[in-house]
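The values are calculated or read from the model by the stated rules, or taken from the named source; none is laboratory data. Because the structure is predicted, anything quoted here is derived from the model rather than measured. Virtual Cβ from ideal backbone geometry, glycine too; neighbours counted across all protein chains shown.
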Amino acid sequence: MAAQLSLAVVVASLGRPDVLAELIEDLRAQSQPPDHIILSVTGEDDLPPSSARDKDIILLVGPKGSCAQRNLGLEHVPDDCDIILFCDDDYVPSRFMAERLRAFFAANPDVAGVSGRLLADGIHGPGISRSHAKTIVTAYDTEPAQILVPRRDHYGLYGCNMAFRREAIGAIRFDEQLPLYGWQEDIDFSGRVGKAGRLVGTHAFAGVHRGVKSGRSSGVRVGYSQVVNPVYLSRKGTMRARYAARIVANNVAANLIHMLHPEPWVDRRGRVAGNWLGLFDLLRGRVTPERILEL
């Protein structure tokens, strides 16, 4: 029954052609490969070698920004698709990810969207090497398969690996007022899709998020988004006010605490500057995430 569900994978990528080629390799090596692989990039420099993008790849070129690129991918998902998976280009899936994702949706008709198990996440550290990530998922693939049940309900999903029923998405699109890397766009988008059914996490399928640091935005822009984007989404009604306040407070505090002895992979001084700019704008009543384009 799982094979009856058609799966499209949409990947927005910027400035990481080698990482993108590795993801394509992993998707093609799946026990049940996706029916469609859709790459949404901004230009020739984002593209993997031609040998990695054969006729099974839908290649799209458009404006820069996670939301804009994902929307472009959505617009080109073939009509026969049942499930759409959005994953980051530095996601390393289990070999059975696509098979078990299909099976999970087949077994849980009340679920509109799901995030799988993250075996490791390098986003809060220096990142995880490709070889280490592959070791982790290979070890996981030798274990017995997890049962196809939700582990808990969420009101938003994690953008590095989130999948939805196409019918639940309908006309919903990512908010392009969240420019560039679109801080918290996954919570906003999945929360709106979740009105059509449950949003859940599961261990039925899994992978590693490497947290590759290349291709990321400046510290000032990140810091500004850390403050302004949650407030924007709270006012929009797609993020709980208490959750938004906690995100802002935690990020500002972390940046201040680590500023004197910053991690090599984080521009803490830039983030602190961006935090203060964002807080000053909020005090003036200016809640405009797209201002990072001016910074």
When you go through I128, I147, I123 one by one, which is the residue that is of a type in the set (V, I, T), in a loop (DSSP other than H, G, I, E, B), farther than 30 Å from G285 by Cβ and free of Cβ contacts under 8 Å to residues at least 60 places away in the same chain? I147
When V266 is evaluated against the numbered criteria (1) among the hydrophobic types (A, V, I, L, M, F, W, C); (2) over 21 Å from the mean Cα position of the chain (by Cα); (3) part of a loop (DSSP other than H, G, I, E, B), which criterion, by number, is the only one it fails? (2)
Can you name the residue in region 186-243 that is of a type in the set (S, T, N, Q) and modelled with pLDDT of 95 or more and, of all such residues, is nearest to N255 (Cα to Cα)? Q226
Please work out if R95 is outside any helix (DSSP H, G or I) and free of Cβ contacts under 8 Å to residues at least 60 places away in the same chain. no
State yes or no: is K195 assigned to a helix (DSSP H, G or I) and either touching a Phe, Trp or Tyr at 6+ places or on another chain (Cβ under 8 Å) or closer than 30 Å to A103 by Cα (or both)? yes
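Given the criteria surrounded by fewer than 21 Cβ atoms within 10 Å (Cβ to Cβ), more than 26 Å from C87 (Cα to Cα) and of a type in the set (A, V, I, L, M, F, W, C), does V252 qualify?
yes
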What's the number of the only condition in (1) in a strand (DSSP E or B); (2) within 23 Å of E294 (Cβ to Cβ) that V252 fails to meet? (1)
Can you name the condition, by its number, that L39 falls short on among (1) part of a loop (DSSP other than H, G, I, E, B); (2) more than 20 Å from G116 (Cβ to Cβ); (3) not acidic (D, E)? (1)
